[in-house]
Every structure is written in C-alpha cells, then in structure tokens.
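See below for the structure under consideration.
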Amino acid sequence: MQNQTIKGFRASFLDVIADPFYETEADCVRYFPDGLLVVEHGKVKDLGDYETLYPQYADIPITYYRDRLIVSGFIDTHIHFPQMEMIASYGEQLLEWLSTYTFPTERKFADRNYALEISSLFLNELLRNGTTTALVFTSVFLQSTDAFFEEAQRRNLRMIAGKVMMDRHAPDFLVDTAASSYLETKQLIEKWHKRDRLLYAVTPRFAITSTSEQLTNAGKLLAEFPDVYLHTHLSENVKEVETVAEFFPESEGYLDVYDRAGLVGSKSVFAHGVQLTDREFARLSEAKSAIAFCPTSNLFLGSGLFKLEKAKSSETPVKVGLGTDVGAGTSFSILRTASAAYQVAQLRSQKLSAFKALFLATLGGAIALSLDDKLGNFEIGKEADFIVLNLRSTPIMALRNKSSDQAIATTLAEISDQLFATIIMGDDRAIETTYIMGEKAEF
C-alpha cells in the first residue's frame, strides 16, 4: 500500500544554494532537467535526478509536471495588506501619498469583518502569484492583525506580520499611543508568535509617525522577546529623510534614530533604503540587518534607485530580499518586481542576472528573514513550499522560450536564458500551481 505521508513530484527543478553575488553562479545553483522532489510530512526528504532517485521511491505517488519548472516559493520581504485596494493610486510622492490615499483606506480596518475579508483576498493574491511567505504590515488596529493571522493560520502559511505602531503625524482615527501600542503588541506577540507557522514583527510605521517614546517601547519589546522581528521603513524618499532630521535633531542620520531605540539588529528588516549613506550601509552590515528592495514602489513614487551593488558589496554586505510594497508597489508578482529590479540595476549601470534575481526572490529573501534554515531552496529538511512555473504561459513567452526540441531546457545556460525571459515578461500567468508544505494551495 502506498504511504500517503510521502509523495513525489517530477519536473525540472532549479534552486539556489549559495549567494551568487559573492560566488560563481554555476556553484550557487542546482538544476535538474528531469528531477524528482520527495516530500514527507510537508518537508523535503530528497531531490535529485529522476532516473537516479526513482528506484528508491517506486512505491510512492508521483505527480508529473511535464515541461514545467519547479522553484522554491517566492518570498516577499515587505508588503502592506490594508493597502491592497488602493494599489495604483495616482500622482503623489511618499508623504502626500500616505495622507491622500493610505490613511483613509487603512481606517476601514477598524472593522474586524472587513479585515478578514481583505485578508482572504490578499492571501489569495499572494498565492496566485507564487508568494508563499511574506513580511506584512497590518494596520494600527489590533483586530486587523488578529484577522490576518487567523486567515494565514487557516491556510498553514509561513507568514510574519505585526500591528502598526503610530502615535503622531497621522489622522486622529489612526493613531495609538506609546503605551497602548506597547501593550497591544505584547498581547499579539504572546498570542501569535511561533503559533503554527506564524511569526511576529514589531512594526513602527516609520520615524515620522512615532515619538521617541514609542520607538523606545518598540526596542523594549525586542529586548523582552528577542526572537521576534523589527519591521519598518527607512530612507525611502528625500523629503522623508529631511523630515526625520528635523524631528530628531539629536540623531546622526535616519538609521541612527532607530539605533538609539535599540531597533537595529539581526532580525531587523528595513524597507527601501534608497537614500542610505555609506555609513548607514556599514552599520546595517555590522548589525546583520536586512533591506527589503522594493523597485516597483520606488519607481512608482519617484523615490529613487536603490544601490543594490552597494548593499551586496564585499565591503559592506547587507542581507537583501525583494519586496512588492503593495500598495505603493504596482504588482503582487515577485516576477514583475524582479523585472523592475533588473531595470533599476540597468539605470545604475549594473547587471542583475537571472540567477541573482532568483536568489533575491527565494534564498536571499529567506536569509533576509532569518528563515534560511526553513525556506529558500530544496535542501533536505526544509519546508516544502514551492511553485510550478510555466515558462511558456503566454504566446510571446512560448515563442521566446522555445527550445530546439520544444522541451524544457537541458543546460544551465539555457535555463538561465529562459528564466531571465520569464522574469522580464512573466506575471501571475506563469504560476501554474502553488504548493504549501507539499499540498496544493486552494485560492
């Protein structure tokens, strides 16, 4: 009788096992043109060439995705679930955009039922785009965070989220206080952190909307719960950086505001970092903090071009993952986000290869979120979150990715070329199926 706790998947497989920004790309990726992935109890049991592995697993059920490429699930290191419905809002830069669009929309999330409804739509959209893990801003309302975690738990997802802490420079209907944000965040940490696959992030929106007292309380929470995350925004926009300097004249820069509050550490993830100084890159590197690179958002709001080459330099190496930053970001798709990242690199006279982009979308994101022991590739023992890619999902992609025998690529060079074309032209249509812990996701 077949053992249903163990199953196999046959397809082409590509994963990243080391950082191609620092090592030869060929040494950083594994490619099996005809491979077999074995999953047991939701985790990777084995991966290798099909003909080699099959005799060991001849009695298990195997799902065959002919002419498809399977990669690890995409990881989104910065996104706002309450901003889903205001994506593609016209005409403003960051601070005006928040006042005009974001704050009025986030007011709706005082309603728990509304938050549940949008949480379901939001998670469906992530899964439809092949994103299996995300670091998520909820809203200032505790009930919106509960709603998000409930929906993520129901789907058995590996998600990180946190209630927004915001006690000034926002409408009265959205602000909390330094004391209330501390107590509510503590309550949420105790309820949700490490519950099933869920994790918590202490989440001050950014320095402009938090008093020094609130930031200090955020640091206090990190000291009390040292394995939770810190998630906030940093140096996104020139006007924002100038405003932070006005509000915190004693600081030695934007990052220093957070540093003084004890918020810069190895589980701190800072979104954007477009305007970072060399000194700030060095401090992030020293602290082993991470940056969420959000190119569609940075372009849409006119914030600037992130210095990826500086973050991934040998002198000041910083952990970097990709962030869609919906709703300032213009797509839930990590493929579209990676395409924009390539364009940002080009505008800075740099190159972002297909394998480096895949690294940022998978293992790089896992490293940024301190989850590379659980996610990011198909190493044995890791959680089996993965996606089935159709590299010919549209007529133009079918033409572009046509190989001589109409089959999947057989060499590393050929799969690199096909993956690059998929990154540049692909979107949710390229995601044929999404798997969570080895089970097909329903959405």
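The values are calculated or read from the model by the stated rules, or taken from the named source; none is laboratory data. If you're wondering where the values come from, they're calculated on a predicted model, not measured in any experiment. Because the Cβ atoms are built from the backbone with ideal geometry, glycine has one as well, and the counts that use them run over all protein chains shown.
Yes or no: region 366-388 includes at least one residue that is within 19 Å of PRO33 (Cα to Cα) and polar (S, T, N, Q).
yes
Which of (1) over 26 Å from LYS310 (Cα atoms); (2) out of contact with any strand residue (DSSP E or B) (no Cβ under 7 Å at 6 or more places or on another chain); (3) surrounded by 23 or more Cβ atoms within 10 Å (Cβ to Cβ) does THR394 not meet, given it meets every other one?
If we test THR394 against (1) over 26 Å from LYS310 (Cα atoms); (2) out of contact with any strand residue (DSSP E or B) (no Cβ under 7 Å at 6 or more places or on another chain); (3) surrounded by 23 or more Cβ atoms within 10 Å (Cβ to Cβ), just (3) comes out false.
Any idea which of (1) touching a residue at least 24 places away in the same chain (Cβ under 8 Å); (2) surrounded by fewer than 20 Cβ atoms within 10 Å (Cβ to Cβ) is the one ALA245 doesn't satisfy?
(1)
Checking the conditions here, which among THR434, THR337, THR324, THR362 is among the hydroxyl-bearing types (Ser, Thr, Tyr) and not assigned by TED's automatic domain parsing to the domain that holds LEU95? Give the steps one after another, and end with the answer.
Values: THR337 fails: not assigned by TED's automatic domain parsing to the domain that holds LEU95; THR324 fails: not assigned by TED's automatic domain parsing to the domain that holds LEU95; THR362 fails: not assigned by TED's automatic domain parsing to the domain that holds LEU95.
Within the list THR434, THR337, THR324, THR362, the selection yields THR434.
Of these, ALA134, ALA115, which one is in a strand (DSSP E or B) and either under 29 Å from LYS163 (Cβ atoms) or assigned by TED's automatic domain parsing to the domain that holds ALA271 (or both)?
Values: ALA115 fails: in a strand (DSSP E or B).
Answer to the check: ALA134.
Looking at GLN275, GLN343, which is the one that is assigned to a helix (DSSP H, G or I) and not acidic (Asp, Glu)? Explain how you work it out, then say what you get.
Numbers: GLN275 fails: assigned to a helix (DSSP H, G or I).
On inspection, the qualifying residue turns out to be GLN343.
Applying the selection to region 293-330, what residues are within 15 Å of GLN83 (Cβ to Cβ), in contact with a helix residue (DSSP H, G or I) (Cβ under 7 Å, 6 or more places away or on another chain) and surrounded by 21 or more Cβ atoms within 10 Å (Cβ to Cβ)? Quick ask: steps written out before the conclusion?
Residues of region 293-330 within 15 Å of GLN83 (Cβ to Cβ): 294, 296-297, 300-301, 323-330.
If we keep only those that are in contact with a helix residue (DSSP H, G or I) (Cβ under 7 Å, 6 or more places away or on another chain) as well, we get 296, 301, 324-330.
Those that are within 15 Å of GLN83 (Cβ to Cβ), in contact with a helix residue (DSSP H, G or I) (Cβ under 7 Å, 6 or more places away or on another chain) and surrounded by 21 or more Cβ atoms within 10 Å (Cβ to Cβ): THR296, LEU301, THR324, ASP325, VAL326, GLY327, ALA328, GLY329.
Every residue in region 349-367 that is in contact with a helix residue (DSSP H, G or I) (Cβ under 7 Å, 6 or more places away or on another chain), over 25 Å from SER268 (Cβ atoms) and not in a helix (DSSP H, G or I), please.
Residues satisfying the conditions are GLN350, LYS351, SER353.
Could you run through region 58-75 and say how many residues are surrounded by 15 or more Cβ atoms within 10 Å (Cβ to Cβ) and farther than 28 Å from ARG158 by Cα?
0
Could you check, for region 89-103, whether at least one of its residues is of a type in the set (Val, Ile, Thr), in contact with a helix residue (DSSP H, G or I) (Cβ under 7 Å, 6 or more places away or on another chain) and surrounded by 15 or more Cβ atoms within 10 Å (Cβ to Cβ)? Steps first, answer last, please.
If we filter region 89-103 for residues that are of a type in the set (Val, Ile, Thr), which is where we start, we get 100, 102.
This time we only want the ones that are in contact with a helix residue (DSSP H, G or I) (Cβ under 7 Å, 6 or more places away or on another chain), so: 102.
Those still in the list that are surrounded by 15 or more Cβ atoms within 10 Å (Cβ to Cβ) too: 102.
Looking through region 89-103, at least one residue is of a type in the set (Val, Ile, Thr), in contact with a helix residue (DSSP H, G or I) (Cβ under 7 Å, 6 or more places away or on another chain) and surrounded by 15 or more Cβ atoms within 10 Å (Cβ to Cβ).
Can LEU188 be described as in contact (Cβ under 8 Å) with a residue 40 or more places away in the chain, within 26 Å of PHE122 (Cα to Cα), assigned by TED's automatic domain parsing to the domain that holds LEU322 and in contact with a helix residue (DSSP H, G or I) (Cβ under 7 Å, 6 or more places away or on another chain)?
Yes; evaluated as a whole, the condition is true for this residue.
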